[in-house]
1. Got a sec? Which of 102, 170 is in a helix (DSSP H, G or I), under 21 Å from the mean Cα position of the chain (by Cα) and either crowded, with 22+ Cβ neighbours inside 10 Å or touching a residue at least 24 places away in the same chain (Cβ under 8 Å) (or both)?
2. Answer yes if at least one residue in the range 43-58 is modelled with pLDDT under 95, within 30 Å of residue 366 (Cα to Cα) and surrounded by 21 or more Cβ atoms within 10 Å (Cβ to Cβ), and no otherwise.
3. Given (1) without any contact (Cβ under 8 Å) to a residue 60 or more places away in the chain; (2) assigned to a strand (DSSP E or B), where does residue 157 come up short, assuming only one miss?
4. Looking at (1) outside any helix (DSSP H, G or I); (2) touching a residue at least 12 places away in the same chain (Cβ under 8 Å), can you tell me which one residue 149 breaks?
5. Could you please find all residues in the range 203-232 being without any contact (Cβ under 8 Å) to a residue 40 or more places away in the chain and assigned to a helix (DSSP H, G or I)?
6. Taking residue 346, is it out of contact with any helix residue (DSSP H, G or I) (no Cβ under 9 Å at 6 or more places or on another chain) and not in a loop (DSSP other than H, G, I, E, B)?
7. For the range 118-133, what are the residues that are farther than 15 Å from residue 334 by Cβ and surrounded by 18 or more Cβ atoms within 10 Å (Cβ to Cβ)?
8. Looking at the range 365-437, what helices (runs of 4 or more DSSP H) fall wholly within it and have at least 3 residues that are at negative phi and loosely packed, with under 15 Cβ neighbours inside 10 Å?
């Protein structure tokens, strides 16, 4: 109980820490000819390069105006946004992740006209309550990146189809003296294995408009994690994963430590989104990598998780009024300037979906990075992708779902082994988050 109570304090403490750290970095300016933009740069140099290019092109085209960065680090922003909503000081442009519904329901987002998407050849995202709000960056997927030489050393050259097959390979990797998996518990990235298993196996592979999703059934009280046999399997698997293959001190590690260990050749496997590839060139990672799909617990084919089909990207907030609103809209259009869009695809390692922009995929001069892109593209065509719970803004778990999943994984990494309590914790966190929004 003590560890759970402490872990529940983390989001609030982080929100205070982020807000305090930003106070001295221009985040409070909000005045003059400045458009404030949030971006989750942290230690991701590819993300930083994208923002710097976006800023340079916008300021070149709009003399006297500035784009000002608010770096959210390795956070997904929900607590920071809630604190800024409370003080009436949301930045003019914000990353939405899976929070566009929460932000729009509060009256904090400015709708975008269909002409915005049509101008750049962007497939229209499904409207939310009749409106669209966000940029649609590109095709984003999540899967498993591996150190190819390490896996080849145990004779595995293709993606394992099941979690059990991964565990068997992890044991062989450990016998060879390799660290099988890099996983930290301090930040959102702790959620990745649990997110993969839930998105891959708990939800239908294809959304059926005539059939309520697991999310909608959960909100109606028809299903729960505690009573779902697949969810129980998922949690039993997560406990085995932590017990057998996660270092004891991993609870104090975050995304940057995972990145450092994998890029530094200390780990064989990283369960991470495609954006990880955007930092291979800046970090001069020399070994060969491959990107594999997510395994299944229930006999399904391995598959990638697509997290970019619904409204997710950047949006203009109602903090922008008058001339600032015009310039914020201009900054949103600058996102699709070919120079800026290319750096976005490079940094996020996404495949372009703006058909009227002459940029189609990431391009790297660093050979291991470019070869990983080619492998990623080929495997995506082979295995395909599913939305998991990323169905639509009106068919989504709570906005803080990834943080909730991280807290549950943190509880496991802190020693929680009672599956019933863990399942009940996830149910309670979900329901609490629903009441909070």
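1. After ruling out the rest, the residue left standing is 102.
2. The answer is yes, given that some residue of the range 43-58 is modelled with pLDDT under 95, within 30 Å of residue 366 (Cα to Cα) and surrounded by 21 or more Cβ atoms within 10 Å (Cβ to Cβ).
3. Exception for residue 157: condition (2).
4. Exception for residue 149: condition (1).
5. Those that are without any contact (Cβ under 8 Å) to a residue 40 or more places away in the chain and assigned to a helix (DSSP H, G or I): 217, 229.
6. On the way: out of contact with any helix residue (DSSP H, G or I) (no Cβ under 9 Å at 6 or more places or on another chain): no; not in a loop (DSSP other than H, G, I, E, B): yes.
Considered against the rule, which asks whether it is out of contact with any helix residue (DSSP H, G or I) (no Cβ under 9 Å at 6 or more places or on another chain) and not in a loop (DSSP other than H, G, I, E, B), residue 346 comes out as no.
7. Matches in the range 118-133: 125, 128, 132, 133.
8. Details: elements: 367-383, 401-413, 419-436.
So the answer is 367-383, 419-436.
The values are calculated or read from the model by the stated rules, or taken from the named source; none is laboratory data. Bear in mind that the values here come from a model prediction, so they are computed numbers and not experimental data. Cβ atoms come from the backbone with ideal geometry, glycine included; neighbour counts cover every protein chain shown.
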